[in-house]
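In what follows, a single structure is set out as C-alpha cells and then discussed.
The values are calculated or read from the model by the stated rules, or taken from the named source; none is laboratory data. Keep in mind it's a predicted model, so treat the numbers as computed, not measured. Glycine also receives a Cβ, built like all others from the backbone with ideal geometry; neighbour counts cover every protein chain displayed. Note: areas computed on protein heavy atoms with side chains; ligands, DNA, RNA excluded. Shrake-Rupley method; radii C 1.70, N 1.55, O 1.52, S 1.80 Å.
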Amino acid sequence: MPTNCAAAGCAATYNKHINVSFHRFPLDPKRRKEWVRLVRRKNFVPGKHTFLCSKHFEASCFDLTGQTRRLKMDAVPTIFDFCTHIKSMKLKSRNLLKKNDSFTPSGPCTLKPNSQQVLLEHSYAFRNPMEAKKRIIKLEKEIASLRRKMKMCLQRERRATRRWVKATCFVKNLEASNMLPKGIAEHILPTALSSLPLEDCKLLEQDQQGKTLPVL
C-alpha cells in the first residue's frame, strides 16, 4: 500500500478519505525513463514501492470506465510544482541556521496544497459515493426520457410513411383508371415512390395496414 508520493515537494500521502490515487512507475524501460526524467530528482532511482499520486497527471491520462481510476498506457506525469520544492528546501535550511520556527516565507509560491485544493484540481472525480449515486440516478432519468422521445419519433415516422404509401397507391390507381394524366405521379410524388409499380405499391400498402401502431 502506498504511503506517500515520490514527486519532489509533494506532500500527498495515502488516505482513503481523500480523492487522490497512487500509481506505480511503469515496468517498460522507455516509459519508466521518461517518468524519471519528468520527476527531475537528482540520482533518483524508483523502486518497486515507488509511487506518483494522481495530482501529477492530466485528467485525460485516466481511464474512468471501470470502478477504479486507472492510468492509460501512454500516460506521463506533467504537473509538478518545482517552485514549491525549491522554496521548501530554502525554508528548512534557514530554520536550521536561525532555529526559528516562526519564520514563514513570502512570495507567489505556496508550501503545499490543502485537501480542498486537491479536490478542485480533480474536479472530474466524485468527492464521495453519494454524489456518484445521485449522478447515476440523474443520468438514468435522462436516458429514460430520451428513449421515450425516440419512441414517439419512430411512431410519427411510421404514421407519415403509411400516409405516403396510401397517397401513392391512390394516385397510381387514378392513373391506371385514366382519371389522371399519365406521368402526373412523377410531379406530385417523391422520386422513390413515383417509380414504384402499382402492384408493389398495393403490396406495400397491405403490409403497412397489417402493422399496428401503439397509441400515445
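Return only the number of the condition from (1) in contact with a helix residue (DSSP H, G or I) (Cβ under 9 Å, 6 or more places away or on another chain); (2) modelled with pLDDT under 70 that residue 212 does not satisfy.
(1)
Using the structure shown, decide if residue 5 is within 26 Å of residue 128 (Cβ to Cβ) and open to solvent by less than 20 Å² (accessible area, probe 1.4 Å).
Numbers: within 26 Å of residue 128 (Cβ to Cβ): yes; open to solvent by less than 20 Å² (accessible area, probe 1.4 Å): yes.
It is true that residue 5 is within 26 Å of residue 128 (Cβ to Cβ) and open to solvent by less than 20 Å² (accessible area, probe 1.4 Å).
Regarding region 128-146, can at least one residue be identified that is modelled with pLDDT under 80 and outside any helix (DSSP H, G or I)?
The first filter runs over region 128-146 and keeps only residues modelled with pLDDT under 80, leaving 128.
Still in the list and also outside any helix (DSSP H, G or I): 128.
Yes - at least one qualifying residue is present in region 128-146.
Please enumerate the residues belonging to region 16-44 that are open to solvent by less than 30 Å² (accessible area, probe 1.4 Å), assigned to a helix (DSSP H, G or I) and within 17 Å of residue 70 (Cα to Cα).
35
Does region 45-70 hold any residues that are touching a residue at least 12 places away in the same chain (Cβ under 8 Å) and open to solvent by less than 40 Å² (accessible area, probe 1.4 Å), and which are they?
46, 50, 51, 52, 53, 54, 55, 56, 57, 61, 62
Tally time: how many residues in region 2-38 are in contact with a Pro (Cβ under 7 Å, 6 or more places away or on another chain) and either farther than 13 Å from residue 75 by Cα or not basic (Lys, Arg) (or both)?
Applying the first criterion (in contact with a Pro (Cβ under 7 Å, 6 or more places away or on another chain)) to region 2-38 yields 6, 14, 22, 25, 32, 35-36, 38.
From the residues that got through so far, the ones that are either farther than 13 Å from residue 75 by Cα or not basic (Lys, Arg) (or both) too are 6, 14, 22, 25, 35-36, 38.
The qualifying residues number 7.
Within region 145-190, how many residues are aromatic (Phe, Trp, Tyr) and more than 46 Å from the chain's Cα centre (by Cα)? It would help to see each step written out before you state the result.
Of all residues in region 145-190, those aromatic (Phe, Trp, Tyr) come to 164, 170.
The next check asks that each one be more than 46 Å from the chain's Cα centre (by Cα); those that pass are 170.
Result for region 145-190: 1.
Return yes or no: is residue 66 under 21 Å from the mean Cα position of the chain (by Cα) and assigned to a loop (DSSP other than H, G, I, E, B)? Spell out the reasoning first.
Working: under 21 Å from the mean Cα position of the chain (by Cα): yes; assigned to a loop (DSSP other than H, G, I, E, B): yes.
Yes, satisfied.
Report, ordered by the first and then the second residue, all pairs with beta carbons closer than 7 Å, sequence separation of six or more or different chains, a first member in region 163-184 that is open to solvent by 60 Å² or more (accessible area, probe 1.4 Å), and a second member that is at pLDDT 75 or above and part of a helix (DSSP H, G or I).
182/175
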